[in-house]
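Please find one structure pasted underneath; my questions will follow.
The values are calculated or read from the model by the stated rules, or taken from the named source; none is laboratory data. This one's a predicted model, so the numbers in the text were calculated from it and none came from an experiment. Cβ placement follows ideal geometry from the backbone for every residue including glycine, while neighbour counts extend to all protein chains displayed. Side chains included, ligands, DNA and RNA excluded: accessible areas come from the protein's heavy atoms. Shrake-Rupley method; radii C 1.70, N 1.55, O 1.52, S 1.80 Å.
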Amino acid sequence: MTDATTLDVPEAPRKRSLTTVDSRTQKRNSAEKRFRAYGISAILIGIFFLVVLLGSILFNGVGAFQQTFINVPVYLDPAKLDKNGERNVEDIKKVSTFGYTPLIQNAVFDRVTELGIDTPLDSAKDMKALISASAAAQVRDVVIADPDLIGETVEFRILAASRVDGYLKDRVFREDLARDKNIDAVHLDLTDALREAGVITKTFNTDFIFGADASESRAEQAGLGVSMLGSFFMMLVVLILSLPIGVAASIYLEEFAPQNRFTDLIEVNISNLAAVPSIVFGILGLAVFIQFAHLPQSAPLVGGLVLTLMTLPTIIISTRASLKAVPPSIRDAALGVGASKMQSVFHHVLPLAMPGILTGTIIGLAQALGETAPLLLIGMVGYIATNYPDGLASGFLDPNSAMPAQIYEWAKRADPAYYERAWGGIIILLVFLLTMNIIAIILRRRFERRW
């Protein structure tokens, strides 16, 4: 009798309850929690840096929207402004700003004397450090506009010097006066006294928003208004050219062009152009539009053409993506009821893709609005925009600057007041960009509600 062979029978698997979390599930849950924590941390870090950035811009730039003024009555002496006594405008124009400067200095000194302010400054010429170099031109413009004011005492609100303005904005400190030759402690003491008397006041500076640029010695007079208008004319050129060209090219490539090597080459080059540095487009604009076509240098028309070349790839790519997002069933249904290919595109596909097209276009315009590098090479940085254009044609063809170019120019100047204005210009530029994005959202929602 032989022994029966025993076989190894595997144990039955243990029964696991669905309510019990095993070790593998715990690891997956822990990994998911860590990933969520990483994501939340990244968002919080991004928000933190965004708040720091916006806080720095506001802290450094808000002061540009305020300006210090000196309120004094100025006696317009006929002996110096109109020696002939005929009130002839042409004769009055011959008196330069050097003839008005002593009148303003005497007015400030007389005001100090009337208030009984104790100061070691004992002459009118000592008031020069308190007064802006643009004050004489300001008074002169008023006299030329109304010659009958000559011989009278007129109340003026003239600009204070940039150092006085900086002192009241905590930008100029007494500890730094040893290295500053433009002002001294005596003038700062007089500034404090005149401020207490209400002669020197700090108010909202509308000229910063609507004014023109000034020379490096008159930082307190500089404004962004003319360069804002230059950016506006450039954006008009970009919008008029890039939107129809970009949309038409996108429709052809996406809906009508045959799929072959030639169209593939075009698509690859469009994608490559979107990644080309913007300064390359500036070199192209300098060579083609200025040196070859002989268009005026520093003109918004040239800047708009350069920015159009830079913006076109972005608009084409975003428009093609919007066209691809329209379901093919829309096209098939239109063709099925007898519509032609063109009718299906323009009556059905294009309206549905319009929100994305408008969004991409405005994003491209916003990108062009903030570009500085292409404008460096066509001369819009070296030009000081001091006058508004006379009309529509001069707005496109006359030399001008743009907001980013003006900000760049201010940031490299020596006077700290220009550095403050550069931050203020960034605030205005951000407002423009925010407005453009809000318009994009409104247009997108409007077209989405229509369909």
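Probe of 1.4 angstrom, ligands and nucleic acids ignored: what's the accessible area per residue over the stretch 65-204, in square angstrom?
52 Å²
If you don't mind, another one. Taking H as built 1.01 Å from N, whose amide H comes closer than 5 Å to the amide H of Gln66, not counting residues under 5 places away?
The answer is Asn205.
Taking the square root of 5 times each eigenvalue of the Cα gyration tensor, what semi-axes in Å does the equivalent ellipsoid of the stretch 286-412 have, largest first?
41, 15, 12
Follow-up. So, by mean Cβ neighbours within 10 angstrom, what's the order for 393-406, 277-290, 166-179 with the highest one leading?
Listed from highest to lowest mean packing, they are 393-406, 277-290, 166-179.
Still on this structure, please answer the following. Antiparallel versus total DSSP beta bridges in the chain: what percent is that, nearest 5?
100 percent
Quick one: pull the percent of accessible area on the stretch 65-204 belonging to carbon and sulfur, 1.4 Å probe, ligands and nucleic acids left out.
Here carbon and sulfur together make up 48 percent of the probe-accessible area.
Assuming 0.36 nm per residue, please report the length gained on full extension of the stretch Tyr252 to Glu267 beyond their Cα-Cα distance.
Stretched fully, the Tyr252-Glu267 segment lengthens by 4.2 nm.
While we're on this one: How large is ³J(HN,Hα), in whole Hz, for each residue of the stretch 162-169 in order, when computed from phi with the Karplus curve 6.51 cos²θ - 1.76 cosθ + 1.60 and θ = phi - 60°, using x for Gly and Pro?
5, 5, 5, 4, x, 5, 6, 9
What does the accessible area per residue of the stretch 225-447 come to in Å², with a 1.4 Å probe and no ligands, DNA or RNA counted?
The answer is 46 Å² per residue.
Then there's this: Using a 1.4 angstrom probe on the protein heavy atoms only, could you order Asp77, Asp110 from most to least accessible area?
Listed by decreasing accessible area, they come as Asp110, Asp77.
How large, in percent, is the carbon and sulfur part of the accessible surface of the stretch 225-447 at a probe radius of 1.4 Å?
The value for the stretch 225-447 is 70 percent carbon and sulfur by accessible area.
Arg179 to Thr203: extension gain in nm, 0.36 nm per residue of separation minus the Cα-Cα distance?
Result: 5.8 nm gained on full extension.
Can you tell me the Rg and the Dmax, both Å, for the Cα atoms in the stretch 171-278?
Final numbers for Rg and Dmax: 27.5, 80 Å.
Given a cut-off of under 8 Å on Cα pairs at least six residues apart, what relative contact order in percent is computed for the chain?
Dividing the mean separation by the residue count of the chain yields 18 percent.
Sticking with this structure for a sec: How do His294, His347, His187 stack up against each other in accessible area, from largest to smallest, with a 1.4 angstrom probe?
Descending accessible area places them as His294, His347, His187.
Divide, for the stretch 225-447, the radius of gyration over alpha carbons by 2.2 N^0.38 Å, where N is the residue count.
1.16
For the stretch 342-349, take each phi angle, set θ = phi - 60°, evaluate the Karplus expression 6.51 cos²θ - 1.76 cosθ + 1.60, and give the result in whole Hz per residue in order, putting x for glycine and proline.
5, 5, 5, 6, 7, 9, 10, 6
Further, regarding this structure: Between Pro416, Met235, Gly246, whose Cα lies farthest towards the positive end of the dipole of the chain when Lys and Arg beta carbons carry +1 and Asp and Glu beta carbons carry -1, centred on the Cα centre?
The Cα lying farthest towards the positive end belongs to Gly246.
Which helices count as membrane-span-like in the chain under these terms: full DSSP H, at least 30 Å along the axis by C-alpha, Kyte-Doolittle mean of 1.0 or more?
Those that pass (Cα extent of 30 Å or more, hydropathy at least 1.0) are 225-251, 300-325.
Please give the length that would be gained between Ile279 and Val52 if that part of the chain were fully extended, namely 0.36 nm times their separation in residues minus their C-alpha to C-alpha distance (nm, one decimal).
78.8 nm
Moving on. Divide the volume of the convex hull of the Cα atoms of the stretch 368-440 by its number of residues and quote the answer in cubic angstrom per residue.
104 Å³
Using unit Cβ charges (K, R positive; D, E negative) and no other charged atoms, how large, in debye to the nearest 20, is the dipole of the stretch 65-204 about its Cα centre?
460 debye
Continuing with the same structure: Can you compute 3J(HN,Hα) from phi for each residue in the stretch 388-395, using the Karplus curve 6.51 cos²θ - 1.76 cosθ + 1.60 with θ = phi - 60°, rounded to whole Hz and x for Gly and Pro?
In residue order, the calculated couplings are 6, x, 6, x, 5, 5, 5, x Hz.
Order the peptides 80-86, 354-360 from the highest to the lowest mean number of other Cβ atoms within 10 Å of their residues.
354-360, 80-86
If you average 1/r over every pair of different alpha-carbon atoms in the stretch 112-222 and take one over that average, what Kirkwood value in Å do you get?
Hydrodynamic radius (Kirkwood, Cα only) of the stretch 112-222 equals 15.5 Å.
Where nothing but the Cβ of Lys and Arg (+1) and of Asp and Glu (-1) is charged, how large is the charge dipole of the chain around its Cα centre, in debye to the nearest 20?
2360 debye
Quick one: if the Förster radius is 35 Å, what FRET efficiency do Lys125 and Lys412 give, using the C-beta to C-beta distance and rounding to 0.05?
E(calc), rounded to 0.05, equals 0.60.
Pick the calculated semi-axes √(5λ) of the Cα gyration tensor in Å for this structure from [x] 64, 35, 18; [y] 36, 26, 18; [z] 40, 28, 17?
Checked against the structure: label [x].
Would you kindly work out the equivalent ellipsoid of the stretch 134-196 from its C-alpha gyration tensor and give its semi-axes, the square roots of five times the eigenvalues, largest first in whole Å?
31, 12, 9
Tell me the relative contact order for the stretch 225-447 as a rounded percent, counting alpha carbon contacts under 8 Å between residues six or more apart.
RCO, the stretch 225-447: 30 percent.
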